[in-house]
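The structure appears below as structure tokens.
The values are calculated or read from the model by the stated rules, or taken from the named source; none is laboratory data. Everything numeric here is computed off the predicted structure, so don't read it as measured data. Cβ atoms come from the backbone with ideal geometry, glycine included; neighbour counts cover every protein chain shown.
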Amino acid sequence: MRRIAGLLVGILVAGTAFSHRAIRHHEIHELMLTDESGAAPGGIFNRIAGLGFVEFTRSGILAQGDVLAVGEAAIGEVVGFNESHMPNHQNILVRGGDLRSGFERGLRVGDAATFRVRIG
């Protein structure tokens, strides 16, 4: 599999049962963060922080366990997807230990966002 990359295009002040999704070139999706240890596809997430929106500059497959980084900072791993805003966009649910919003993290429009296949 190849790495999927994109640029953040906006910052933000229950998942589906799918463990992977096809991402098309130039799609825009929302990045949502949870710190819940039991987060899994199809689960209910009670603790959420909005990170921002990402426009994908490469197409590919995004899967549970892939690691999201913005710039050089690892944010967390993909745990699922939520289609409550479709057909506008889907939410990509990421689990990480630092439940701060994109604004609180100092993320900016144009920051590079990458998803890497988790190794090990």
query = Mind checking whether some residue in the stretch 97-105 is under 17 Å from Leu8 (Cβ atoms), assigned to a helix (DSSP H, G or I) and among the charged types (D, E, K, R)?
reply = yes
inquiry  = Can you pull out every residue in the stretch 66-111 that is among the hydrophobic types (A, V, I, L, M, F, W, C), buried (at least 17 other Cβ atoms within 10 Å of the Cβ) and modelled with pLDDT under 90?
reply    = Phe81
query = How about the stretch 21-42: which of its residues are modelled with pLDDT under 90 and in a loop (DSSP other than H, G, I, E, B)?
reply = Glu36, Ser37, Gly38, Ala39, Ala40, Pro41, Gly42
inquiry  = Only one of Phe81, Phe45 is assigned to a strand (DSSP E or B) and touching a Gly at 6+ places or on another chain (Cβ under 8 Å). Can you tell me which?
reply    = Phe81
query = Which ones in the stretch 48-78 are assigned to a strand (DSSP E or B), in contact with a Gly (Cβ under 6 Å, 6 or more places away or on another chain) and either more than 21 Å from Glu104 (Cα to Cα) or among the acidic types (Asp, Glu) (or both)?
reply = Glu55, Phe56, Glu77
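Go through the stretch 49-62 and count every residue that is at negative phi and crowded, with 17+ Cβ neighbours inside 10 Å. Spell out how you get there, then give the answer.
Just the residues of the stretch 49-62 that are at negative phi, to begin with: 49-51, 53-59, 61-62.
Okay, now just the ones that are also crowded, with 17+ Cβ neighbours inside 10 Å, so 49-51, 53-54, 56, 62.
Residues that pass the stated criteria total 7.
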